[in-house]
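Working notes, structure below.
Coordinate-derived values only; no laboratory data. Everything numeric here is computed off the predicted structure, so don't read it as measured data. Positions of Cβ are generated from backbone atoms using ideal geometry, with glycine treated the same way; all protein chains shown enter the neighbour counts.
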Amino acid sequence: MLTCRNIMEGGSDYVDGQMTSNQRISFRIHLLLCSNCRRFMNNFRTTISYVKALPDQDKLSEEKINEIVQAVIQKKTES
């Protein structure tokens, strides 16, 4: 059984489809059982979509990244 730490560390591989079938199944089982990790993955996906929508993705400053993360957190808390 995966831990919450495994979910946080493997989030990119999961979203990018870079897991084996067994890893993906274990990941999904954990997400079914853990609401905190589901929330984490939803925020993770939302952040990725915001970053992809930005122009000049290669030139993101640390300040801009922090703004994006804060916007995602705010949006999620309003929901």
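Observations
- Fully extended contour minus Cα-Cα distance, from Lys64 to Gln18, at 0.36 nm per residue: 13.8 nm
- Taking a straight Cα-Cα cut-off under 17 Å and skipping sequence neighbours fewer than 8 places away in the same chain, the lysines within cross-link reach of Lys64 are Lys52, Lys75.
- In degrees, nearest ten, helix 35-53 long axis to first principal axis of the chain (Cα): 40
- Left without a cysteine partner by the 4.7 Å Cβ rule in the chain: Cys4.
- Look at the alpha carbon pairs under 8 Å that are at least 6 residues apart: their mean separation over the length of the stretch 4-78 gives a relative contact order of 28 percent.
- Segments 36-45, 15-24, 66-75 sorted - mean Cβ within 10 Å per residue, highest first: 36-45, 66-75, 15-24
- C-alpha long axis of helix 4-15 to longest principal axis of the chain, angle in °: 70
- Remark: spin-label model distance Gln74-Asn36 equals 2.6 nm, labels positioned 7 Å along the Cα→Cβ axis.
- Measure of compaction for the chain (Cα Rg per 2.2 N^0.38 Å): 1.21
- The local environment of Phe44, defined by Cβ-Cβ distances under 14 Å, has a net charge of +3 under the rule Lys, Arg +1 and Asp, Glu -1.
- Likely footprinting exposure, Thr46, Thr77, fewest C-beta neighbours within 10 Å first: Thr77, Thr46
- Rounded tilt (10° steps) of 21-33 against the dominant C-alpha axis of the chain: 80
- Near Asp13, once Lys and Arg are set to +1 and Asp and Glu to -1 for all other residues with Cβ below 15 Å from its Cβ, the sum equals +2.
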